[in-house]
Every structure is written in C-alpha cells, then in structure tokens.
1. Note down all Cβ pairs under 6 Å where the first residue falls in the stretch 319-335 and is under 9 Å from ALA376 (Cα atoms), the second is among the acidic types (Asp, Glu), and they're at least six residues apart or on different chains.
2. If you go through the stretch 182-192 one residue at a time, do you hit one that is surrounded by fewer than 24 Cβ atoms within 10 Å (Cβ to Cβ) and farther than 30 Å from LYS259 by Cα?
3. For the stretch 161-181, enumerate the residues that are aliphatic (A, V, I, L, M), within 25 Å of GLU127 (Cβ to Cβ) and either buried (at least 24 other Cβ atoms within 10 Å of the Cβ) or without any contact (Cβ under 8 Å) to a residue 60 or more places away in the chain (or both).
4. Listed residues ALA395, ALA450; which is assigned to a helix (DSSP H, G or I), over 28 Å from the mean Cα position of the chain (by Cα) and either touching a residue at least 60 places away in the same chain (Cβ under 8 Å) or within 19 Å of ALA363 (Cβ to Cβ) (or both)?
5. Under the condition of being crowded, with 22+ Cβ neighbours inside 10 Å and without any contact (Cβ under 8 Å) to a residue 60 or more places away in the chain, which residue from the stretch 404-429 is nearest to PRO317 (Cα to Cα)?
6. When you scan the stretch 567-588, do you find a residue that is within 30 Å of PHE248 (Cβ to Cβ) and under 26 Å from the mean Cα position of the chain (by Cα), even just one?
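The values are calculated or read from the model by the stated rules, or taken from the named source; none is laboratory data. Note that the structure is predicted; figures quoted are calculated from it, not measured. Neighbour counts run over all protein chains shown; Cβ positions are idealised from the backbone, glycine included.
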Amino acid sequence: LEFAIDPSEALLSVRNSRERAAEARSVRNVLSPRSVAVIGASTDSSKVGNAVLANLLAGNFTGPVYPVNADHRSVRGVRAYATVHDIPDPVDLAIAAVPADAIDAVLDDCLDKGVKALLVVSGGFGETGPAGQESERRLVLAARAHGMRLIGPNALGVANTDPEFGLNATLAPHLPTPGNVGFFCQSGALGIAILDEAANRRLGLSTFVSAGNRADVSGNDLLQYWDSDPATEVILLYLESFGNPRKFTRIARRVARSKPIIAVKSGRGAVPPAHAIGADIDDSIVRALFAQAGVIQVDTISELFDCAVLFGNQPLPVGPRVAVVGNSTALGVLAVDAARAKGLHASSPIDVGPQAGPEDFAAAVSSALAASDIDAVIVVFVPPVAVEVEPFATALGNAVRGSDKPVLSTFLATEGIPDVLAVRGPGGYPIRGSVPSYSSPERAVAALAAAWRYSAWRSRPVSNLVRPKSIDSERAKQLVEGWRSAGSHGRWLSDFETAELLGCYGLDVVAFRTVTDEDEAVAAADELGYPVAVKATGERWRHRPDHGGVRLDMADASAVRVAYRNLAADSGEPLLHVQRMAVKGIGCVVRVQDDPSFGSLISFGLAGVISDLLGDRAYRVLPLTEDEAAQLIDAPKAAPLLSGYRNAVPVNKNALIDLVQRISALAEDIADIREISCEPVLASADGAQITDARVRIGPEPTKADLGPRRLR
C-alpha cells in the first residue's frame, strides 16, 4: 500500500486551522481563568507576591483567589494554603512569585494539581546567563509535556478587563478602562509605563499580556487568540525580538485582513540579553516583514497610541482625500502641509475663523463630511479667549455622529479621547465613535496616513501562493540528497552542479564552459557561438567587473586568446569561464540566505558596487506570492531604472517576477539549501537571463527544541 505524505495545500490548511484553534483555546485559559492561586503570596507589602495578590483583589476578580503561603493561615484577609496541592478546588491559573531556585517544587505541585497555566513573575532565569537559561529550559519542557501554558519568566503579568472576569494579574496597580484593544509586550518595566499611558489617553484595553522572557507564550500565540476574540478589534505589539518570524508572517497576514495590527520593534540597544536571539537584524528586514504581513509599523510608543486611538474609535478611510476644518489659519495650513507630505490629498483648509460659534463650526464639519470627494476630516480647534468649550464639543459630536468617515481633531491640543468628545457605552467608558484628539496637526496626520496605507493594503485582493509551472522538484531533491551524502557539513556546489539544480526549476544559466588554456577557450567559443564573454572565476574577481575580471563581446578566436591570456595573468588562475553573450540589460541581484531570526530570506536589488555600498536591497520572507514578488522587484530605490527611467526601454518585469518566484520555490522546497546567489541577472525587454549563480547546501540550522505542546 502506497500513499503520498508530502504536504499539500489541504493538509497545510487543516494543520493551520487546528493550530489556530488549539493555541487560541490555551491562551484563553490564561486570560479567562475561573480561579487563581498566588504562590508566594506574602504578608510583606514590599514583596512581589503581596503586590500581585493586592492587585487581583482590588481588580474585583470574579473567581476565587487562593494565596499560597506555608507560614501564614491568611494573607490580606484571605485564607492561605501551604501548597497548591492543598487547595480543595480546581485552579486554572497559578502565579509564581518565588525565587528561581524554588520554582521546581512549585512546578511539581502545579503539574500534580492539574493547573492549566502558570505565570512566573519572578526573575533569575534566562536573563541571568547559562545557568538561568538551563533552569528556564527545564521549566518549559515540563510545562509543555503536561499541557500547561507558561507566561514568563520575568513577566509583568496578564490582565482581562472584561467585567465577567476582572482579572488584574499584573504588578501594575491600575489598569486602563475596558475597551477593544489587545496589547502584547515583552518588557515588564515598560509594560507599566504602557498601561499608564493607555489610561492617560483613555484608550480602553480588552486584554494585556507582558510575557517577559517569552519562554513559551509569545506574540504569535496572542495573535491566534485575538483573531477569534470578539472583544478585541485592534492589536498592539511591542516587540524586542522575534520567536518564530515565519509563523508570525503567516498568522499576521490572516489576522490583519480583519483586525489592524500596530507594532513597535525596539532598537538593538534596548534588547536585554534574555531576548537577544533574533534581535541583531537589519531594520529594513523588519520593515519588509511587517509590510509583507500588513502590519502597521511605528517607531515610538507615542505613535503607537496615536494610531491606536484612531483605529479603535473611528472607521478606516476609503481614500486619501482629506479636508481640514478649523478656526486657526496657522494650524490649518500646518495640517494641510503635513498631509501632503505624508502622501494624502489635501486642499486648502476650511477656516471658519476665531469668531465662529458652535453652530457655524459644526456646519463646516458636516459639510466636509457630506462631500463626495472627501474621505476623512481633521478638525483643528483652538478655543477663543473666555469662551465655553462644551458647546463646541457638543456641536462637533452631533456633527460627526454616525459618520462612516474618520474624524480626527486637535481639540484643545489634548491627547487621546477628551471627555467632551467621548461617546460612552453601558459602563460609562469611551467606545467606538469617540473623536480622538492629538497635541499637534502633524501627529493627527501621521496616524491618518497610517490608517490609509493599511486600508489600501486590506482592500487588495488576497494573492494565493501559485507555484510556477515546469518544476521538477523530485529530481532537485534527489540531486541535493546525492551531493549531501558525500559530505555532512555541506559545501558550495560547482558551477555545473548549480546550473543543473537551477534547471530543475526552469532557471537556465546562460550556457558556459570551463577552460584551462587558450586552445580550450577557443574550442569552447566555437562550440557556443560568437560573440562570447571570458570570465575570471576567483572569489576576488567574481561579480566584480570593476576589477576587470570579465571581457565581453569577444567576436573571434584571436580576441578570445588575448582575453584568456590577460585574465589568466591578472587573476593568477588558469581556470576561466567562456560564456555565450547574453542579451544586454540591467544587472540585477537575487539572493536567498539564512537569517538567524527569519529563516530563509529572499532579497532583490540592482547589481553594482554603488547598490552594495548604499544597501539598496529589498527583502521578503519565503514563500512569495506573485504580488509579493512584484512588490519585491519594485521596492529598491533604484527600481525605476527597470521601468524605463529617462525614456530608457522598460525591462520585462513579468520575466523577473517569474524568475524570483522560481528561486523562492526552490529555496522553499529544498530544506538543505543554505544560500543562493544569482548575480548578475540581466533584465531586458526580451526577458531575464542568469549569467552567474552559486548555491550552498548544508544541514538546516537547529534551534533548541523544547518538545511538542500537548495543548488542552
């Protein structure tokens, strides 16, 4: 009996669906517990265990709370138990606030009790060095083997503002009001500042997770949960490093189609040692990853909240056309200039003047919202001296109520949701429809521009992954397996092996021959047909025409002999290439390389020393859809040269897209490929030809395997 076990689209779809459901359910055990135990609950108010217990009780958690303290019968007036095992009822979430050297005993008790999730707020693990990393590894192995989810260690905690739970299992004494925004961050200290800033801006949160060392529960898990959480409409991420970036891309692509994801990726200098893996990566790669996944990237926490109050309270714009309405000429002009600088379409500001009353102000806003050629409105309001503000706020609120176009303001230069512009829900908290305010027109414009870019991305049709035709992946795998069997550590393939492998994927290297003397060079040129190119093969000369390592357009045998003698003498290497002349075009570089954070990355740029010096390369994570391949080719700053810059003949971009997709498929299919370099690829109106290529094979980089999760 034989049946195929190779991954298919149906298998991957079912696998991803099951993974999504299982991970979302396991995170729900963390954020929606019916009972909580605080291990290490102390009677000393200066201890972490006391603070966590106090915050749980003050937050009005709706389930039972069990302090665990072997030395006291009660803590903060609540009966205490010597161990978790002594608690008579089930425990969904256990919070460990004990020293690192006591965590093994705590873990054993929790596993024996059947606790579903363990939150470790204690430090002293992976962030301290090798010994702490080994302790953290043992902790994760045991938790995963028993189906328990682990948050931390070194975590600030988790919170769920839903009144049904009222969970404040954090070290922060105060939480923002309930809302529709989910927040994930790694840093505990920064988490407290983030919660304070959210409260100050009156940004309501649905759930909050500070994962600390992120040993088990990560941002990917939270994305899976928030994707199916009806209470969360906007997702905020503060990331110091990536756990599984390829999985992040896959999940974020799906989630961002329905819920905006706004992310800050901190700089390398801000990353603590515990999070260092995957942190030392180029910022351009991170931006490419986010853009590919539809994630809205911002650079600061302030910009994160600027976007969050807009996305969480107002609809998305359907176009870039903006109207600026205000009673200050200077601020109106600033807003228009800023909008145009961000790529939005803004006409002259509508200035009602400082003498305008509430009715005139509201009428101007209503007129702008009703205009068919306007997609969003920015309201600039500076209160005249000795004038009541509330009538203006009431009039503005009535004017924008029910509008399907986003409205932003610089009302009194406040940040967040001003009380006078808030629309309140049943609990008295601001809800969708509230008008966000910014301290300056530039900040409002930046948030609106981000919303428009995201709206445009989301409106694009979903591009499925379609494999190019005429691919022989089985032969390619057999070839690589044969080459690998000769050496376990891997190697660079020879030029002919590389050409044979690429040929399996419909990628033809322009015909060439290797020669070691003048006669062989002439014979090769006669076989290939004139004109030919003669190339040096040494590492110093390859891909470096500026070093004089290539002679082009050799039209006869005499020219080939002279070229061979000169290149052999200059390079000190008798082994040269004679290659049929390709159609002249613009040199491009396509590479695939392993990144310690992202796995296999594909990059594209124009060939040449200047492009290398300026780092003019675009990156994407594999695999690539056709749309992503097209975006990759258009991404470098020098890409307009491919489209006919200054009346030049445009190249055949479809041929480049097909070539990039085939290289993507090759790297995705053959796990033993560590590196591919096609340089240069000559792009012309006739197509795209590979004139030189190199491939390195070897074993896959291994990461620490902490074992499978047995998710409950």
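1. GLY319/ASP375; ARG321/ASP373; ARG321/ASP375
2. No, that holds for no residue.
3. Filtering the stretch 161-181 down to residues aliphatic (A, V, I, L, M) leaves 167, 169, 171-172, 175, 181.
Checking which are within 25 Å of GLU127 (Cβ to Cβ) leaves us with 169, 171-172.
Of everything in the stretch 161-181, just one residue is aliphatic (A, V, I, L, M), within 25 Å of GLU127 (Cβ to Cβ) and either buried (at least 24 other Cβ atoms within 10 Å of the Cβ) or without any contact (Cβ under 8 Å) to a residue 60 or more places away in the chain (or both), namely ALA169.
4. Residue meeting the stated conditions: ALA395.
5. Only one residue fits best here, namely SER409.
6. No.
Yes/no per residue for (1) farther than 16 Å from VAL695 by Cα; (2) part of a strand (DSSP E or B); (3) touching a Lys or Arg at 6+ places or on another chain (Cβ under 7 Å):
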site	(1), (2), (3)
ARG513	yes, yes, no
ALA524	yes, no, yes
ALA533	yes, yes, yes
TRP541	yes, no, no
ARG551	yes, yes, no
VAL560	yes, no, no
ALA563	yes, no, yes
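Residue by residue, here is whether (1) under 27 Å from ARG551 (Cα atoms); (2) polar (S, T, N, Q); (3) at pLDDT below 95 holds:
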| site | (1), (2), (3) |
| --- | --- |
| ILE471 | no, no, yes |
| LYS477 | no, no, yes |
| TRP483 | no, no, yes |
| SER488 | no, yes, yes |
| ARG491 | no, no, yes |
| GLU500 | yes, no, no |
| ALA511 | yes, no, no |
